[in-house]
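Peer 1: Please see the structure below; I have some questions.
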Amino acid sequence: MGVRIRVANPGEEQRLKWIQREAWSPETSPAPPRSTEGSIFDGHVEAGNVLVADENGLAVGFSKLVPLASSYPRLADATAHVQQLHGFSVLPDYRGRGIGGTMLEAVRAESLRRGATRITLRVLGTNERAMRLYRAAGYEIEGRLRAKFRIGDRFVDDVLMALELPT
């Protein structure tokens, strides 16, 4: 059966929150792991903006792809061409199997379908594995906010990356 990417269903929110908690580490997020409270589908992240990776029928990862305009409604016309990869999680036991790359291909295809010419993301400077994955998919580092976060006893950079899409 292999890996299949699909749009999330609102009814699977608990599974997606569990994946997010299991995939969390101080190398992947400056925020503490999410509790079981709250919603993964809130604000500009609705079910239609979440792509789920299924392996043999089991959800093992997901990405949140949202229009930049949803973060800046007053700038909707000026930012309509940009999609943001606003979250990306793969269960640790499923990493290294090509699922992340398949998810990024789906993010690219969905962004093109939406008329985007650019995808942006932010990643912690300590998350070398994710940066290698993004670079392999064609993303480039566009900026670095040095020591933006303090995680434990160290300062960590916020790395800004982007992928230019064909017009």
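The values are calculated or read from the model by the stated rules, or taken from the named source; none is laboratory data. From a predicted model like this one, the values you see are computed outputs, not experimental measurements. Every residue, glycine as well, gets a Cβ built from its backbone with ideal geometry; the counts of neighbours run over all protein chains shown.
Peer 1: If only one of L75, L85 is surrounded by 15 or more Cβ atoms within 10 Å (Cβ to Cβ) and not polar (S, T, N, Q), which one is it?
Peer 2: Of the residues listed, the single one that is surrounded by 15 or more Cβ atoms within 10 Å (Cβ to Cβ) and not polar (S, T, N, Q) is L85.
Peer 1: Could you grab the pairs with beta carbons closer than 8 Å, sequence gap of 6+ or different chains, first residue in region 107-133 and more than 18 Å from V159 (Cβ to Cβ) and part of a loop (DSSP other than H, G, I, E, B), second one modelled with pLDDT under 95 and of a type in the set (A, V, I, L, M)?
Peer 2: Close Cβ pairs satisfying both conditions: G115/A80.
Peer 1: In addition: Within region 54-101, how many residues are touching a Phe, Trp or Tyr at 6+ places or on another chain (Cβ under 9 Å) and of a type in the set (K, R)?
Peer 2: Matching residues across region 54-101 total 1.
Peer 1: Here's another thing I want to ask about it. Among (1) modelled with pLDDT of 95 or more; (2) basic (K, R); (3) touching a Pro at 6+ places or on another chain (Cβ under 7 Å), which single condition is R113 missing?
Peer 2: (3)
Peer 1: So, T126, is that one of a type outside the set (D, E), out of contact with any His (no Cβ under 7 Å at 6 or more places or on another chain) and surrounded by 13 or more Cβ atoms within 10 Å (Cβ to Cβ) or not?
Peer 2: Yes: the conditions hold for T126.
Peer 1: Criterion first (crowded, with 19+ Cβ neighbours inside 10 Å, farther than 17 Å from R6 by Cβ, among the hydrophobic types (A, V, I, L, M, F, W, C) and in contact with a helix residue (DSSP H, G or I) (Cβ under 8 Å, 6 or more places away or on another chain)) does L104 satisfy it?
Peer 2: For L104, the condition - crowded, with 19+ Cβ neighbours inside 10 Å, farther than 17 Å from R6 by Cβ, among the hydrophobic types (A, V, I, L, M, F, W, C) and in contact with a helix residue (DSSP H, G or I) (Cβ under 8 Å, 6 or more places away or on another chain) - is not met.
Peer 1: Somewhere in region 56-66, is a residue of a type outside the set (G, A, S), at positive phi and touching a residue at least 40 places away in the same chain (Cβ under 8 Å)?
Peer 2: Yes, region 56-66 contains a residue that is of a type outside the set (G, A, S), at positive phi and touching a residue at least 40 places away in the same chain (Cβ under 8 Å).
Peer 1: Within region 134-162, how many residues are within 21 Å of P67 (Cα to Cα) and not in a loop (DSSP other than H, G, I, E, B)?
Peer 2: The qualifying residues number 10.
Peer 1: Tell me yes or no: at least one residue of region 93-106 is among the aliphatic types (A, V, I, L, M) and in a loop (DSSP other than H, G, I, E, B).
Peer 2: Within region 93-106 (the criterion being among the aliphatic types (A, V, I, L, M) and in a loop (DSSP other than H, G, I, E, B)), the answer is no, since none of the residues qualifies.
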